[in-house]
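Following: one structure in structure tokens, then a few remarks.
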């Protein structure tokens, strides 16, 4: 292949890549790391739900970012493998409420009542059918030990869905499922559904969006084109 034909081929490659770049103003964000801090009302859990905190697993961060009595759970990356679940949560930072989807997965467990009750590897997801009263539709589910939805998430007091990351802070409400488990086990004397028993703070990091990676690749190719152009000009001269 001649220098001229090489130059033409590279230019066409750049043109093709430029045409492939989306022109819409969407700004997709993909969560991949970070942590969720949780501050539980241990007094209420012990008196009303019969749950006494006895420990946490090794991966749990202490303290979390909600004060000295809080803990934090690492957010799993998108390439996490079993027994962990990969985080799949994503959104458009220009329109969070209409575009978010997926789940935020965590590692780490909490133990109650002399380690006889375990909840952990928490999943934060959304179910529109759970919206109502103080519940936002988001929920916190334990996927190990007591595998059930434990909390409904109240309407956030902080919601920052940016291209650089996601921050959400909200109260935690006892879910109907957890309330039923507590009553059936004889731990709670009454239905605790909707009781506020703590708060959570999601602080999630993101990975570069595919479009950004494409633009980076274009920058490299454009640099190659410039180099070929200079060399071609010297040869022609």
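Relative contact order of the range 28-208, taken over Cα pairs closer than 8 Å and 6 or more residues apart, is 24 percent. Dividing the mean sequence gap of close Cα pairs (under 8 Å, 6+ apart) by how many residues the range 118-162 holds gives a relative contact order of 35 percent. Distance between the modelled labels on residue 155 and residue 183, one decimal in nanometres: 2.7 nm (7 Å Cα→Cβ projection).
Each reported figure results from applying straightforward, stated rules to the coordinates on display, with no laboratory input. On a predicted model such as this, the values are computed, not experimentally measured, just so you know. Don't worry about glycine lacking a Cβ; one is built from the backbone with ideal geometry, like all the others, and counts go over all protein chains shown.
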